Each structure stands twice: as C-alpha cells, then as structure tokens.
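Heads up: the structure comes next, in structure tokens.
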Amino acid sequence: MKEASTDNIQFRNEFSSGIKTYQDVSKEQESLNAQLLIKAGFINPELSGVYTYTRLGCEVLKNIENLTREHMSKWGGEILMSSLQPVESWEITDRLENMSSLFEARGANDISRKLNSSRYILGPTHEEIATPLAKRYIKSYRDLPFAFYQIQTKFRNEARPKSGLLRGREFRMKDLYSFHASEEDFLEFYEIMKKEYMLLFEDLGLADDTFITLADGGNFTEKFSHEFQTLLPQGEDIIYLDRKNNIAYNKEIVNEENANRLGVNFDELEQVTASEVGNIFPLDFKYSQPFDLTYTTKEGDTKPIYMGCYGLGTSRLMGVIAEKFADEKGLVWPERIAPAKYHIVTVSKDNKDIAHEKSKELFEVIGKDSLWDRRTKVTVGEKLNDADLIGCPFRLVVSPKSIENGGIEVKRRASDVVEYMDMEELFNKYGKTR
RNA sequence: CGGGGAGUAGUUCAGAUGGCUAGAACGCUGCAUUUGGGAUGCAGAGGUCGCAGGUUCAAGUCCUGUCUCCCCGACCA
C-alpha cells in the first residue's frame, strides 16, 4: 500500500480522509448547528430533516453513542431491533391511527411488483418490537428484572423538520426497555436510570445545564414522564425551572390542576428554553397487557409485567452540543466526543522540511486521536481558520517559528493561551490520547 | 396541514418592464510565485436556468400545473 500522501487533512492514516470545509453555506438554514456542521463538513443535507453524517460527523456521532453504550451496558445488554416493523403489532397497541408521524413502507412498489403487498412501519420507536421480543425471554419471576437497549436510526414523519439535527425525520436514538415484577422494582430501576443519565450528561459536558423535567406521559400513561432538558436558546421547549430544587416542569403540564397535584407555584419559577435530549417513561402495563407479556410468580400465579422505556436522542445531542458550545469562529467540542483530541497544523512550503518531519512524527505517535492538516496549497490562515471551525480541543502548530520556540505550539480551542513545548512535555501535560 | 420566501455553474448569488450567444465571486484544473489568520499572476474547464405543459417571431424572464428546499405557525411516542 502506497503511503498516504495526498494533499489533504489526514485522519487515522486514511489515504484520503474526505475531510473538507466550505466557505459558503446557504443562509437559508437559520439554525446555528446546521450552518456550522455543514460548513465544517460534519453533515450533508439530503432531504428536509435528513442528513448524512460525513467523516467528522460520523466520528462525533460514534463517540456520543459509544459513551452512551458505556453507561447503558451497566444495566442492560445491547441488541439491535429491526427497523421495519409489522403493521399488525401497531394495530394491537392501537397506535396505527393514533401516531401522526408514522412512515409506512409497502412491499409492493413500482420497482418490483413481484413482491407481496405487505405493509410495514418504518420504526419511529420500538415498544411494538421490544414487548413481544421480551416474551421470548421472560417466563418466570426468576427472569426479572430484565432490560435491553439499542442504538438505532428512527423514522418520524415530522410535519415540519427544523433546526438542523435538533428535529429531523430520520435521527439516531438510544432506547432502553426494562421489565419488572413489581412497581417497586420498576421505580427503583427508574431512579437508577435517572442517575445514570446524569452521569452520561456529565461525560458529555452538559450536566450543569441539563435538568430532569416533569412532562406529559403522552399516550403512554397518565403518569408524568421525565425529560432531560438541556438549556439552549434555540431549544424547542419551554420549561419552568426550579434551580433551588434542581427540577423543572415542561410548559405542557403547567396548569392549575398540576400546580395543586404537585404543590408547586409555577409563577415563582424561571421560564427558559431548552432542548429535550432524553425522555424516560413509566409504561405500567400499557404494552405488556396488549401483548400479553406476563410472568409466573413464586406461588405459581400469572401476573402482568411492569415496563419502562428510556430514550436518548444521540443525533440531537450532537446538534445541541454543536450549538451550545460554538463561538464566532466555529465549533468547540467537549473532549470526550470531539472527532480527535489534537488538530495538527503544519506550516511548510513543500512538506519536505523539518516542520513536516516533526508533524509526521507527532501524527504517527498520537495515532487515531489526531487530525493532521498537511495541505500545502492553502495558506496558513486558512488552515488555522479550519482548525477553529472544526473545533478539536487542542491545536498543535508545527512551524519554523514553533520549532524556534521549543517545538510545538499548543493552544486549546476554548482558550487564547499559547504554549510551546516538545512532544514529551505535551504528552506529560495533556496525555497522548483521550 | 395553514401562511410566507426560494429553486440559474461544484458553492454562494446577480440576471426590473420578454431580446441571453446566460454572468460574477469563490471553488476546481494547469504553470509560476507564495506560507502565522480565508494568497498573487497568467491560462483553462464547467449550465437542458427544478420538472412538465402553454403563450410568443423570441421565455431564465409571462401563464398553468407539479416537485423540492427554507422560515413562521399548528402538530410533535
């Protein structure tokens, strides 16, 4: 294999990484996250509310989802349910007519009339798969509690997609389903998940601005569900925030009845806009009943199963984080989910000098946690601007000037402080990888 | 689904009242010069003007239909 030597921004020794930034992005898209993510080459719009995750965006999405896996795998095993779902199951739960955002796919189409005429639902959520699936695993009280999760592309035919990744027709979501013998057991697990979600938001750098928010249970239940709302000026939701008690209330449940029920004076609370990045629901018997999901008790009785479901919008999180931390120069990624920790910028006329040699060594030693801008046909200014736009946590400039000053010029994306050090000092101080 | 705006080069856009052999900037290709904050010069390539009908000697421009995108609202397990 020939050495990767194209004049590009290199990533992980890929021959050609396909990483490109764009100077002009249509002003049509108003939302900051879409503007920046398109400009910086993280996503590409395909249809209204539908995006491709290009090289850098795919990396960020994977990082968010792998972090999510670390937390969820403590409590349930990962599976991958089908995206196409049988219409019959949706008839059983009576959601075929009641959910407005269903996409329907038909087996018989213009391309192949030989196929049957079966109708499918393009999965917007997975209770209709998860519940019957659980029947295969749960027979006895000995099988409980039980939980599994998946991370998958969901499809919802939103009337109006908007705000880039914040609200699409196709988006990524983690959904976990839990099954319990009793309500007490369910509630215990529900609290565990709340804590686990907050730990995840801490890793994502969002903990300080994310609040558990009481919300409508939807057509799942009469009980409240709990949303995780991240403060964001461009968010879709208005929440009533009680900072003192660290809890919030979605505007949709703010009324006199709930004021009395909860003993809360909503007028005293702060109204803020936020984006719903997660939502967890007590499902009670809402799905176990129609699918006849039961277990046998120690005494030999047959009882229905308590269920809960726990959603997290991984692609929406990417949009929220992009938008929340961005500054006038571009994206600013939290270290755990950035496409790379280090963005190496080489200042070299022809990639034949000492700056290039040192950059190459740096890139090879750091390995997968670095991007290397080794382009020679663009000016330094353009490379520095691109580094700011892409938003990796650290920028490492290797140039005649930096070498004169002691080696590598190190600057954090979120700071203006510039330091000079050699490779050993760099790794001692900031680590080789994340 | 209601209201508003827009579809012209790879991208961002300009092309009142029909005359276009369709432009600019950026990007792209080649050569030379250039390298610390979005280079310089020279030479090039690149378009069924969203799609389908219609009016006209003549349509990017006018009419009808249709599709798509964006924004506001309604909706949003």
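Readers should treat all values here as calculations from the given coordinates under stated rules, not as data from a laboratory. In this text the structure is predicted, and so the values were computed from the model without any measurement. FYI the Cβ positions are ideal-geometry reconstructions off the backbone, even for glycines, and counts take in every protein chain you see.
Pairwise over distinct Cα atoms, reciprocal of the mean inverse distance: report the Kirkwood radius of segment A:301-433 in Å, one decimal place.
It works out to 16.4 Å.
Which ³J(HN,Hα) values, rounded to whole Hz and listed in residue order, are derived for segment A:260-271 from phi using the Karplus coefficients 6.51, -1.76 and 1.60 in 6.51 cos²θ - 1.76 cosθ + 1.60 with θ = phi - 60°, glycine and proline given as x?
Coupling constants for segment A:260-271: 6, 4, 9, x, 10, 9, 4, 4, 7, 8, 7, 9 Hz.
What number in nm² do you get for chain A if you take the convex hull of its Cα atoms and divide its surface by four?
26.6
Let's test the formula: R0 of 45 Å, r as the Cβ-Cβ distance of residue A:297 and residue A:44. What FRET efficiency results, to the nearest 0.05?
Taking R0 as 45 Å, the efficiency between residue A:297 and residue A:44 is 0.25.
By per-residue mean of other Cβ atoms within 10 Å, what is the highest-first order of A:418-428, A:277-287?
A:277-287, A:418-428
Among A:293, A:247, A:130, flag the residue with its Cα farthest along the positive direction of the charge dipole of segment A:32-325, charges on Cβ as +1 for Lys/Arg and -1 for Asp/Glu.
So the residue furthest toward the plus end is A:130.
What residues qualify as long-range amide H neighbours of residue A:101, i.e. H under 5 Å apart, gap of 5 or more or another chain, H built at 1.01 Å from N?
none
Using the structure shown, select from A:352/A:383; A:174/A:286; A:195/A:303 the pairs with a Cα to Cα distance greater than 23 angstrom.
Violating the 23 Å limit, Cα to Cα: A:195/A:303.
Stretched out fully, how many nm does the piece from residue A:24 to residue A:252 gain, at 0.36 nm a residue minus the Cα gap?
Once the chain is fully extended between residue A:24 and residue A:252, it gains 78.2 nm.
Enumerate the amide H contacts of residue A:121 below 5 Å, restricted to partners 5 or more residues apart or on another chain; note that Pro and chain-start residues carry no placed amide H.
A:85, A:87, A:105
Could you work out how much longer the chain between residue A:202 and residue A:425 gets when fully extended? Use 0.36 nm per residue separation minus the Cα distance between them, nm to one decimal.
77.4 nm
Taking neighbour counts of Cβ atoms within 10 Å as a proxy for exposure, in what order, fewest first, do A:72, A:193 appear?
A:193, A:72
Starting at the first residue of segment A:357-362, write each ³J(HN,Hα) from the Karplus equation 6.51 cos²θ - 1.76 cosθ + 1.60 with θ = phi - 60°, in whole Hz, x for Gly and Pro.
Along segment A:357-362, the couplings run 4, 5, 4, 4, 4, 4 Hz.
Angle check, please: helix A:314-325 long axis (alpha carbons) against the longest principal axis of chain A (alpha carbons), in degrees 0 to 90, nearest 10.
50
How long is segment A:14-99 along each principal axis, judged by its Cα atoms, biggest number first, in Å?
Principal extents (largest minus smallest coordinate, Cα): 51, 35, 24 Å.
Might you report the magnitude of the Cβ-based charge dipole of segment A:32-325 about its Cα centre, with Lys and Arg at +1 and Asp and Glu at -1, to the nearest 20 debye?
1260
Residues with amide H under 5 Å of residue A:50's amide H, sequence separation 5 or more or different chain, H placed in the peptide plane at 1.01 Å from N; which?
A:169
Among A:334, A:40, A:305, which residue has its Cα furthest toward the positive end of the charge dipole of chain A, with +1 on Lys/Arg Cβ and -1 on Asp/Glu Cβ?
Checked the options; the winner is A:40.
Which one of A:375, A:261, A:142 has the biggest mean-square fluctuation once chain A is modelled by GNM with Cα springs under 10 Å?
A:261
Could you derive backbone 3J(HN,Hα) for segment A:375-383 from the dihedral phi with the Karplus parameters 6.51, -1.76 and 1.60 (θ = phi - 60°), listing whole Hz in sequence and x where the residue is Gly or Pro?
Once rounded to whole Hz, the list reads 5, 10, 9, 10, 6, 4, x, 5, 5.
What FRET efficiency do you get for residue A:209 and residue A:401 if R0 is 25 Å and r is their Cβ-Cβ distance, rounded to the nearest 0.05?
0.05
Could you check the simple spin-label distance between residue A:82 and residue A:141, using points 7 Å along Cα→Cβ, in nm with one decimal?
About 3.5 nm separates the two model spin labels.
What percent does the relative contact order of chain A come to when contacts are Cα pairs within less than 8 Å and at least six residues apart?
Taking the mean separation of contacting Cα pairs over the length of chain A, I get 16 percent.
Which one of A:207, A:321, A:343 has its Cα pushed farthest toward the positive end of the charge dipole of chain A, where Lys and Arg give +1 and Asp and Glu give -1 at the Cβ?
A:343
Cα axis of helix A:183-203 to longest principal axis of chain A: angle in degrees, 0 to 90, nearest 10?
10
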